[in-house]
Amino acid sequence: MGLEITDVSKHYNEVVALDHVNLTVDKGEFFTILGPSGCGKTTLLKIIAGLELCDSGRLSISNADVTNLRANKRNVNTVFQNYALFPHLSVYENIAFGLRSRKFDREVIITRVQAALEMLQLTQTSSRYPSQLSGGQQQRVALARALVNEPAILLLDEPMSALDARLRAQVQIELRNLQRRLEKTFIMVTHDQDEALTVSDRIAVMNHASIVQIGTPNEIYERPCNKFVANFIGDANMFEASRTGTAGLETEYGTLETCLPVPWERGTVVIRPENIRLHTQQPSVNGLKLTVRDTVYRGDHQEIWFKDNNLKVKTANHEPYEEGVEVWLEFLKDALVPVNEE
């Protein structure tokens, strides 16, 4: 077991920061805690790191109770949002700093630092200072400094927020590949949904001091459990529906069929814009004829909106759809997801 969190709560005066949080992270897993600002994700990371103590509940790392242990007694290292590199130390000295503080032998320090430099492709920059490095290089130095201590768990606090969009996409893949190669437990906190979907084995979505859904990126995106998760991750078309029969839904778009269980008599249905297909003829099921209102070209896809509703479609088909044109839509049965309110 990598990490087990049981019924953890945290309050700051009258503010509930964490409300009875339960979470299990497997050894060697890349796990992401995702949510909006103020949801409690940073507080949870600090409690895992030992930088804060919980008011109640229990934490164990590698099956050992660490609930009341200070940060320096836990086998955990954190890479912070701003990397926290020492500007007056070289790359080599930054990486070696923690080992020297813990009084490791010189030979051990040299061996571990050299291995970290090679692993993160920093050998050519070992004598440079942080101000002489790119954002991606600085992040790799921060990772090396954490990994050289051989922690059971590496914590990542918004590790790519300081990078520009293009570099962020590149570093996400590098980070994911590094974690797979090392087979270490990585736990990352982020508000960036695309980042979470890209790097994670599993994701915990937080809102209002609680975890609302845990699952693989595919599960979180394709099968959101409630309206918040559907709205927070990706684009989503939402509309009200009433259950009719075992798989039928009465909606503003007519009667639609779903392959998924319908847990209510009346509630909300979600479908992603890319799961609505465009046709020249009426589909055999879940067909609807609408009139195009607006289109936006996005390079790899185009987005289409329709008159008299807020329905949005994404399609890789670059055939132009002019305003006023009527098209047939198909709502894919296995992508119509009945969700809970909360």
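The values are calculated or read from the model by the stated rules, or taken from the named source; none is laboratory data. The model shown is predicted, which means the values in this text are computed figures rather than measured ones. Positions of Cβ are backbone-derived with ideal geometry, glycine not excepted, and every protein chain shown enters the neighbour counts. Side chains included, ligands, DNA and RNA excluded: accessible areas come from the protein's heavy atoms. Shrake-Rupley method; radii C 1.70, N 1.55, O 1.52, S 1.80 Å.
List of remarks:
- Compactness of the stretch 1-95 - radius of gyration and Dmax, Cα, Å: 14.8, 45
- Accessible area of the chain belonging to carbon and sulfur atoms, whole % at 1.4 Å probe: 45 percent
- Within the shell of other residues whose beta carbon sits under 15 angstrom from the beta carbon of Ala144, the net charge comes to +3, with Lys and Arg scored +1 and Asp and Glu -1.
- Close amide H partners of Leu311, meaning residues 5 or more places away or on another chain with modelled amide H under 5 Å apart, are Phe306.
- Within the chain: Cβ-based charge dipole about Cα centre, in debye rounded to nearest 20 (Lys, Arg +1; Asp, Glu -1): 1540 debye
- Long-range HN-HN contacts of Asn286 with modeled amide H, under 5 Å: Glu257
- Gaussian network model of the chain, Cα within-10 Å springs - most flexible of Met206, Met188, Met119: Met119
- Residue list for the stretch 36-64, given a label point 7 angstrom along the Cα-to-Cβ vector of Asn75 and an amide N cut-off under 11 Å: 61-64
- Rg ratio (alpha-carbon, reference 2.2 N^0.38 Å) - the stretch 173-226: 1.18
- Sparsely packed chymotrypsin sites (Phe, Trp or Tyr not before Pro) within the stretch 233-302, loop by DSSP, other Cβ within 10 Å at most 14: Trp264
- Per-residue SASA entry for Ile110, accessible area with 1.4 Å probe, Å² rounded to 10: 60 Å²
- Paramagnetic label reach from His279 (point 7 Å along Cα→Cβ; backbone nitrogen cut-off under 18 Å): within the stretch 320-342, residues 326-336.
- Shape call, the stretch 43-109: gyration tensor on alpha carbons, a/c limit 1.5: oblate
- Our note on the geometry: Cα centres of the stretch 128-164 and the stretch 1-70, 22 Å apart.
- Between the stretch 72-122 and the stretch 249-318, the alpha-carbon centres lie 52 Å apart.
- Cross-link reach list, aspartates and glutamates versus Lys46, counting only Cα pairs under 17 Å and skipping chain neighbours closer than eight places: Glu4, Asp7, Asp19, Asp55, Asp65, Asp157, Glu158
- Degrees, to the nearest 10: 135-147 long Cα axis against longest axis of the chain: 60 degrees
- Relative contact order (percent, whole number), the chain, Cα cutoff 8 Å, 6+ residue spacing: 16 percent
- The mean accessible area for residues of the chain, using a 1.4 Å probe and ignoring ligands and nucleic acids, is 49 Å² per residue.
- Exposure ranking of His301, His11 by accessible area [1.4 Å probe, largest first]: His11, His301
- Taking amide H positions as modeled 1.01 Å from N, with prolines and chain starts lacking one, the residues under 5 Å from Leu156 and 5 or more places away or on another chain are Val79, Ile187, Met188, Val189.
- Subset of Lys227/Lys312; Lys289/Lys314; Lys103/Lys184; Lys27/Lys103; Lys307/Lys333; Lys73/Lys103 violating a 20 Å alpha-carbon distance limit: Lys103/Lys184; Lys27/Lys103; Lys307/Lys333
- Take every DSSP beta bridge whose two residues both sit in the chain; close to 75 percent of them are antiparallel.
- In the chain, the DSSP-assigned H stretches of four residues or longer account for a calculated mean residue ellipticity at 222 nm of -7500 deg cm²/dmol, using -39500 (n - 2.57) per stretch and the full residue count as denominator.
- Rolled with a 1.4 Å probe across the full set of protein chains, the surface gives Ser37 an accessible area near 110 Å².
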